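Structure first, then comments.
Just so it is clear, none of the values below were taken in a lab; they were calculated from the coordinates. As the structure is a computational prediction, the values presented were derived from the model and not from experiment. Quick reminder, even Gly has a Cβ in these numbers, built from the backbone with ideal geometry, and neighbours come from all protein chains shown.
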Amino acid sequence: MGATPFITVEGPIGVGKTSLARAISEQFNFALLKEIVDENPFLGKFYENIEEWSFQTEMFFLCNRFKQLGDINTQYISKNQAVVADYHIFKNLIFAQRTLNPSEYAKYYKIYQILTEDMPKPNVIIYLNASLDTLLKRIKLRGREVEKNISPLYLEQLSLDYEHTMALFEKEHPEIPVLRFNGDDLDFVKNDQDLDLIMKRLSLALKEKAEQTHFRTGGCS
């Protein structure tokens, strides 16, 4: 993992990933990477019939995120330009495990492994979560047409999947700090103090990562 900051913001649908990533981009002058959502031609059909359209939906997201991360690596990270993204590509496995049948997931996982083996890895992950009520309210508030048929049960299961995945990620990747924030307690869109709290914790994490990299490369001699 290089010294150039690469921050990813993660969490379930409606938790505020893009809003926070945009605020971080503006605060730190980082390039902003936003995931492609509305452009997915299968997404509306997916929320209407998950079983029928899950594989097409997940493959579209995987291929587009692979292309996005490749471009970001070439255009920014390799040139020492910091980046903040409103997703981590591991989210593909969270959604795919929830929606694909075992046979489809086995095929999907093989493709995922091939595509992501040399992808840039984040320095810091910001993980946002919130209660089901908060997520549903925020989804309704932003009014995306493709999200109007999201099942509350699906969203609740997705939140649990995120919790499990993040706990596993922290165990397997102790070198990548995960900053956790609860959307029920913080409203960084409407409350500047809440946003400032997140920014301060991120600044500290970036400083610590920079110092670790400096030490490993012998910069302290």
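Any idea which residue in the range 101-155 is surrounded by the most Cβ atoms within 10 Å (Cβ to Cβ), counting only those that are part of a loop (DSSP other than H, G, I, E, B) and among the aliphatic types (A, V, I, L, M)? Talk me through it step by step, then tell me what you get.
Initial filter on the range 101-155 (part of a loop (DSSP other than H, G, I, E, B)): 101, 117-123, 130-131, 143-144, 148-151.
Applying the additional criterion that residues be among the aliphatic types (A, V, I, L, M) yields 119, 130, 150.
Details: Met119: 15, Ala130: 23, Ile150: 19.
Restricting to residues being part of a loop (DSSP other than H, G, I, E, B) and among the aliphatic types (A, V, I, L, M), the top hit is Ala130.
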Original post:
Which numbered condition trips up Ile36, out of (1) part of a loop (DSSP other than H, G, I, E, B); (2) surrounded by 17 or more Cβ atoms within 10 Å (Cβ to Cβ); (3) of a type in the set (A, V, I, L, M)?
Top reply: (2)
**OP:** Within the range 76-92, identify whether any single residue is within 19 Å of Glu172 (Cβ to Cβ), touching a residue at least 12 places away in the same chain (Cβ under 8 Å), assigned to a helix (DSSP H, G or I) and not hydroxyl-bearing (Ser, Thr, Tyr), and answer yes or no.
**Re:** yes
Original post:
Among the residues of the range 1-43, which ones are among the charged types (D, E, K, R) and closer than 27 Å to Lys190 by Cβ?
Top reply: Glu10, Lys17, Arg22, Glu26, Lys34, Glu35, Asp38
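Is the range 148-160 home to any residue that is among the aliphatic types (A, V, I, L, M) and closer than 17 Å to Asn92 by Cβ? Before you say what the answer is, go through the steps one by one.
If we filter the range 148-160 for residues that are among the aliphatic types (A, V, I, L, M), which is where we start, we get 150, 153, 155, 158, 160.
Still in the running and closer than 17 Å to Asn92 by Cβ: 158.
The answer is yes, given that some residue of the range 148-160 is among the aliphatic types (A, V, I, L, M) and closer than 17 Å to Asn92 by Cβ.
Name the residue, out of Phe42, Phe61, that is closer than 21 Å to Ser151 by Cα and crowded, with 19+ Cβ neighbours inside 10 Å.
Working: Phe42 fails: crowded, with 19+ Cβ neighbours inside 10 Å.
Unique residue meeting the criteria: Phe61.
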**OP:** Considering only residues that are buried (at least 18 other Cβ atoms within 10 Å of the Cβ) and touching a Ser or Thr at 6+ places or on another chain (Cβ under 9 Å), look in the range 160-196 and name the one that is farthest from Pro5 (Cα to Cα).
**Re:** Gly183
